[in-house]
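Let me begin by presenting the structure, written as structure tokens, before commenting on it.
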Amino acid sequence: MNFKHTLLASAILAMPLVANAALTQNELQRFTQGTELMFAVEDNFSKGEGSVLASINLKNDSDIALPKGKSDWQLYIHSIRKIQTEQAAGLKIEHINGDLNRLVPTEDFAGLAPGESLKVEFGASAWIAAYSDFMPRAFMVANGHKPAIFANTDTEDFTQFVAPIERENQLKRYNKPIDHTKIANAALRYERNATSLSVDKQDALKRIIPKPSSVDFNRGTTQVNEQWQIRYAGRLKSEVNVFVKDLADYGLQLDAQPDHIKSDNQPTITLKVDDTIASGKAQSYRLEIDDEQIIIVGSDNAGVFYGMQSLLALFGPESKNNIELPNVEIEDSPRFAWRGMHYDNGRNYHGKDAMFKLVEQMGRYKMNVLHWHFSEDEGWRLEIPGLPELSEIGGYRCFDLSEQSCLLTQLGTGPFKSGSGNGYLSRKDFIELLKFATARHIKIIPEIEGPGHARASIKAMEARYNKLLEQGDKKAASAYLLSEPGDTSEYLTVQNYTDNSINVCLDSTYAFIDKVTYELQSMYREAGTRLTNLHFGGDEVGSGSWTGSKACQALFSDPNNGVAGVTDLKPYFTQRVAGLLNKRGITPGAWEDGLMYDKVNPFNRASFPNKNVTANVWDNIWEWGVADRAHRLANDGYQVILSHGTHLYFDHPYEAHPEARGYYWATRYIDTKKTFGYMPDDVYANADFTRNREPIVNLEALVGRELPKLEKPENILGIQGQVWSETIRTEEQVLSMIFPRILSVAERAWHKASWEASGLSSKNFTNDWLKFAAALSVKELAKLEKRGVKAHLPVPGGVIKDGKLHANSAFPFLAIEYSFDDGQSWQVYSGPAKVEDTQSILLRTRHGSSNVSRTTELSL
């Protein structure tokens, strides 16, 4: 079976070798251990907006020489930017697939002796303005030996393998057009953090996140200790089990009994269900705290659970054994039924614990949907019975150009299966996660990505095909094949893949989707719940997919199929998958572009048999002219989840600074405040800046046409945060990128603020933000840390005025530290501190004993 990747691998393996110049395994190891490989941004302004000049610099401090001319060694690097240079410094630069590239010596290569250095300059698409755009774990292979990683790149510390990004033509993305981004520094942060408003620390301790609809604090307090008991309606047993464990974390081992058991004359936490409260609105609750009793009444089980979370939110972070609570009456209902978080660990797997920590905290802040993006080009993260290749091959990346034992290495994993980002969740672990989520009223929606972004499943099924074909069982081999032998289609995706589109014209494609769906349903049933929604992706399909497919040509030739050409294939795939899911009683979901013919026309909603079809609307780059799709899809009868890239994408940096991790294609940065200020009821009101950071004054003038109004607001189900993990390789990194921004999503999804009517310039917005941010610093960060979540801390601001250091933080009450001796010692900032003219000043924020922000240097 001659797939394109097999041909490529054969060509690579057939390269002529220079036997007398071959490196031994020992020499290969010594060279990569002793040679420093550094990436550098040379110039973002060299060719305008569409190109960057970058370089690879090799400093040979080993005792091994690379010989002149052609040789058998190859140097592999990851580049998220498509490299446009074909040859430099005597090295041929070849794109393998995705971000994997290699450098191969030609006859013109001058060699690299010990003590010498080599600079390889290359042009690439777009720009590079952040350290995390460069991937770690560059490696070499030679003469069939085991690959060897350049030692200085085998790290998550970018400073070890990326040269400083500090010049104007490195910090800015382009100069034609002008990039108006202000790069974050101490002075800019100080200006942005400055406010004449203040917030009371005691008020911050009582601030519940997300904010309830109605809160009435009364005089006095109530002391809760182990003398208390719990009495609950029998149907609440699951919720009470979680509640009892949560209380135990605060030293409260309370007796919990169903309400039909006689209560002792003790102070009691009473848990009830009454479907008439809040006019019967789902997930609502009433909480009363008064002296000897606490009463939580929910409109349903979920409402009681959320009432429990509000009670726990009033606990101080250091409370233990004897808990003092304010007397209060709370009436509360959710703003949206869908309060979600999308989590991609298809790109990089961060381990089982990261998922459990995320789910636990989602429940804590009343979020109820985890959209699990477990399949991608770079990985498949769930064990599927009957298709072991999906996890055993699709779950790992390594250096296997034939891809029969693993996927091509990508995203800085390196050449070994032990590298970062590898792994998958077993069936048993997923069932455990489902039970854990269900107990917290969280629905997990899996995503089987297709037809694009499906390389992991495609390659896994090709490996399955080859294995079974060798055994002589062609029928079984072809049963779940997602690609077609002899397909000559050519395309290049946004992520630089040439072979990641499922062939939508093969019946085996739908057999595969049905098989995986069946196995997912079985897992949900075993966990005691139901698979109600399944997302099938649909986004970013490479232009040119299926143009060279014989199976598709056969489909076009049959007039009964209603498919006349390639442009009909996306709706054909979407409708066929939707029909398949409809038979199983499952609601289909897709990313917005998977449901659109073009910029403005959705697929015919009537062609779907499903009662509901959900659409995640993400593409709101305002000047691209598609930010009205939320309204277009909702008006056409789709159920919309607002997932906008400019406010809700947590793979983006917290600030515009080269040291801040993340992609920045939608906007230069998204901090916790920006997400807090998202206004879901008025999508167009969120249009603040273009990608150039020019203020948007007239959105319709920018787009060049009338923007449709929302005619069917009932079809906006809610909002969802997103994290994509291309640059995120560890559990600590992913949790830091999600938290605390996810709390802003929880706030906006649950509570409609009064300031939304007047906008972000109002005093009410600033006041609400300060109270929210203060609650983060005085209690929520500590609670998160106790549960193993080290949240991102904002870098402080600072200026010198009248010979004194003045500093502030985006989060009131967050500890600020400063150093006058280049970080050798740190002092807590408590007010303006005298500064000597010769001193260098470093600033950082701190929470607890181990969580500190990035350090910033204050220019004198």
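The values are calculated or read from the model by the stated rules, or taken from the named source; none is laboratory data. Keep in mind it's a predicted model, so treat the numbers as computed, not measured. For neighbour counting, all protein chains shown are included, and Cβ atoms are generated from backbone atoms with ideal geometry for every residue, glycine included.
For first residues located in segment 135-151 and assigned by TED's automatic domain parsing to the domain that holds Leu401, partners that are polar (S, T, N, Q) and lie 6+ apart or on another chain with Cβ distances below 8 Å do not occur. For Thr155, are the conditions met, namely being under 22 Å from Arg364 (Cβ atoms) and at pLDDT 95 or above? It is false that Thr155 is under 22 Å from Arg364 (Cβ atoms) and at pLDDT 95 or above.
At pLDDT 95 or above, over 26 Å from Phe436 (Cβ atoms) and part of a loop (DSSP other than H, G, I, E, B): is that true of Lys262 in this structure? Against the criterion (at pLDDT 95 or above, over 26 Å from Phe436 (Cβ atoms) and part of a loop (DSSP other than H, G, I, E, B)), Lys262 does not qualify.
When Lys417 is tested against the conditions (1) touching a strand residue (DSSP E or B) at 6+ places or on another chain (Cβ under 6 Å); (2) assigned to a helix (DSSP H, G or I), the lone failure is (2).
Evaluate the following for Leu648: is it closer than 30 Å to Thr727 by Cα and not β-branched (Val, Ile, Thr)? Yes. What do you reckon, is Ala126 surrounded by fewer than 19 Cβ atoms within 10 Å (Cβ to Cβ) and outside the structural domain of Ile56 (by TED's automatic domain parsing)? When the stated conditions are applied, Ala126 does not pass them. Within segment 249-276, residues that are within 30 Å of Lys786 (Cα to Cα) and in the same structural domain as Arg231 (by TED's automatic domain parsing) have Cβ atoms under 7 Å from residues that are surrounded by 12 or more Cβ atoms within 10 Å (Cβ to Cβ) and among the basic types (Lys, Arg) in these pairs: Gln257/Arg231; Thr268/Arg231; Thr270/Arg231, counting only partners at least 6 apart in sequence or on another chain. When the helices (runs of 4 or more DSSP H) confined to segment 722-788 are screened for residues that are surrounded by fewer than 18 Cβ atoms within 10 Å (Cβ to Cβ) and touching a residue at least 24 places away in the same chain (Cβ under 8 Å), those reaching at least 1 such residues are found at 731-738, 763-775, 781-786. If you check Ile294, Ile384 for being surrounded by 18 or more Cβ atoms within 10 Å (Cβ to Cβ), assigned by TED's automatic domain parsing to the domain that holds Asp400, at negative phi and not in a helix (DSSP H, G or I), only one passes: Ile384. On the basis of being modelled with pLDDT of 95 or more, surrounded by fewer than 19 Cβ atoms within 10 Å (Cβ to Cβ) and within 27 Å of Asn185 (Cβ to Cβ), does Ser840 make the cut? For Ser840, the condition - modelled with pLDDT of 95 or more, surrounded by fewer than 19 Cβ atoms within 10 Å (Cβ to Cβ) and within 27 Å of Asn185 (Cβ to Cβ) - is not met.
Report, by residue number, each residue of segment 577-625 that is under 22 Å from the mean Cα position of the chain (by Cα) and not in a helix (DSSP H, G or I). Those that are under 22 Å from the mean Cα position of the chain (by Cα) and not in a helix (DSSP H, G or I): Pro588, Gly589, Ala590, Trp591, Thr614, Ala615, Asn616, Val617, Trp618, Asp619, Asn620, Ile621. Checked against (1) more than 23 Å from Asp593 (Cβ to Cβ); (2) without any contact (Cβ under 8 Å) to a residue 60 or more places away in the chain; (3) among the aromatic types (Phe, Trp, Tyr); (4) out of contact with any Cys (no Cβ under 7 Å at 6 or more places or on another chain), Tyr396 meets all criteria but (4). Pairing residues of segment 449-468 that are among the polar types (S, T, N, Q) with residues that are assigned to a helix (DSSP H, G or I), at Cβ distances under 7 Å and at least 6 apart in sequence or on separate chains, gives Ser457/Leu390. Restricted to segment 38-71, and to residues there that are in contact with a helix residue (DSSP H, G or I) (Cβ under 7 Å, 6 or more places away or on another chain) and under 18 Å from Ala148 (Cβ atoms), the residue that is surrounded by the most Cβ atoms within 10 Å (Cβ to Cβ) is Ser71.
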